[in-house]
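The values are calculated or read from the model by the stated rules, or taken from the named source; none is laboratory data. Keep in mind that this is a model prediction, so the values were computed, not measured. Please note: Cβ atoms are built from the backbone with ideal geometry, for glycine as well, and neighbour counts cover all protein chains shown. Side chains are part of the model used for accessible areas, which takes the heavy atoms of the whole protein and leaves out ligands, DNA and RNA. Shrake-Rupley method; radii C 1.70, N 1.55, O 1.52, S 1.80 Å.
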Amino acid sequence: MTSPSPADAARQRMPLPLLQGQKALVTGASSGIGRATAVELGQAGADVVVNYVAGREAAEDVVREIESFGVRAYAHEADVSREDQVVAMFARMVEEFGTVDVLVANAGLQRDAAAAEMTLDQWNKVLDVNLTGQFLCAREAVREFDRRGVVPEVSRAAGKIICMSSVHQIIPWSGHLNYAASKGGVLMLMQTLAQECAPRGIRVNAVAPGAIRTPINTSAWDTPEAEAELLKLIPYRRVGDPPDIATAVTLLASDLMDYVVGTTLYVDGGMTLFPGFATGG
Ligand code: NAD
């Protein structure tokens, strides 16, 4: 058996009952960042809805892992870009868990192509899931937060939304026009929603990952050559792992961060420090 890394050991030591009694929904939670986030929210004491769009088995695995912390969880299949399915997903959550305290709008995908080759289907699919999906989920969450209001024994806020963005909300990315445009949109969605809803006790923030080892970007790190190229873009010289993002989301969702409103937390090993300028310019 290998011993845990210092980061894993620190995570296991963290008491983190930070979200005791809260109800969280994570979209796209059967893999990658969403999976790690759903598990860590459960470890922090939240009951969790594990949304997935395909692959029930993987989602049920996540549910079992979350339940091992003594909290409740269930898997719910829904396409976040479909209004009827999103509305039904939130209605069931209110029925089963009583309310929604935390939304992690994480589901996302890529359909890469050079701009001149990009089809309208590729463009629409990425905008539908990455941007419209976040709008639809955030709207349902806000409606429930407004209905319930603040319950001081649960949280100082009426509700928390964490939008999964990307460093590409500000870094242009050739060959990924649809994806970069969707994440740029997420930045303004997050800020506008935060401005509009903060007076009602709703905190909206974003996490912007850099390069994280997940199925979405396997080709960027799965050979030593690819990883070496990628590391040139990361001043901290480490590719991130899903728990790096999960911990940032958990803290943002908790009352420890109660005064953080409308902010993007970049979790990127310094990728947004424009490392190309370390020697050039
Ligand atoms: P991933 O492919 O493992 O996760 C994306 C999840 O979204 C998958 O489980 C997928 O099934 C789900 N999904 C796709 N379409 C959906 C839909 N219509 N409805 C519901 N779920 C749907 O990759 P990941 O890296 O874990 O990505 C999670 C989020 O993190 C995405 O929003 C992505 O843009 C963002 N992100 C990832 C990285 C990275 O380096 N991995 C960097 C920046 C941002």
*Of the residues that make up segment 205-223, is at least one crowded, with 17+ Cβ neighbours inside 10 Å, of a type in the set (D, E, K, R) and in contact with a His (Cβ under 6 Å, 6 or more places away or on another chain)?*
no
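Within segment 42-81, count every residue that is basic (Lys, Arg) and either more than 16 Å from the ligand (Cβ to nearest atom) or touching a helix residue (DSSP H, G or I) at 6+ places or on another chain (Cβ under 8 Å) (or both). Let's see the steps before the verdict.
In the first step, residues of segment 42-81 are kept if they are basic (Lys, Arg); the result is 56, 64, 72.
Going one step further and asking which of them are either more than 16 Å from the ligand (Cβ to nearest atom) or touching a helix residue (DSSP H, G or I) at 6+ places or on another chain (Cβ under 8 Å) (or both), we end up with 64, 72.
Summing the residues that are basic (Lys, Arg) and either more than 16 Å from the ligand (Cβ to nearest atom) or touching a helix residue (DSSP H, G or I) at 6+ places or on another chain (Cβ under 8 Å) (or both) in segment 42-81 gives 2.
Would a scan of segment 238-249 turn up a residue that is open to solvent by 30 Å² or more (accessible area, probe 1.4 Å), assigned to a loop (DSSP other than H, G, I, E, B) and closer than 21 Å to residue 48 by Cβ?
So in segment 238-249, the residues open to solvent by 30 Å² or more (accessible area, probe 1.4 Å) come out as 238, 241, 243-244.
Pick out the ones that are also assigned to a loop (DSSP other than H, G, I, E, B) and you get 238, 241.
The next check asks that each one be closer than 21 Å to residue 48 by Cβ; those that pass are 241.
Within segment 238-249, one or more residues are open to solvent by 30 Å² or more (accessible area, probe 1.4 Å), assigned to a loop (DSSP other than H, G, I, E, B) and closer than 21 Å to residue 48 by Cβ.
Restricting the search to segment 214-237, which residues are assigned to a loop (DSSP other than H, G, I, E, B), more than 12 Å from the ligand (Cβ to nearest atom) and over 24 Å from residue 29 (Cα atoms)?
Keep residues of segment 214-237 that are assigned to a loop (DSSP other than H, G, I, E, B), which gives 214, 221-223, 232-237.
Filter again for more than 12 Å from the ligand (Cβ to nearest atom), leaving 222-223, 232, 235-237.
Within segment 214-237, 223, 232, 235, 236, 237 meet the criteria.
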*Say whether the condition of being within 27 Å of residue 120 (Cβ to Cβ), open to solvent by less than 20 Å² (accessible area, probe 1.4 Å), free of Cβ contacts under 8 Å to residues at least 60 places away in the same chain and of a type in the set (Val, Ile, Thr) is met by at least one residue in segment 156-164.*
no
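Sort through 69, 97 and tell me the only one that's among the aromatic types (Phe, Trp, Tyr) and in contact (Cβ under 8 Å) with a residue 60 or more places away in the chain. Walk me through how you get there before you give the answer.
Working: 69 fails: in contact (Cβ under 8 Å) with a residue 60 or more places away in the chain.
Going through 69, 97 in turn, just one is among the aromatic types (Phe, Trp, Tyr) and in contact (Cβ under 8 Å) with a residue 60 or more places away in the chain: 97.
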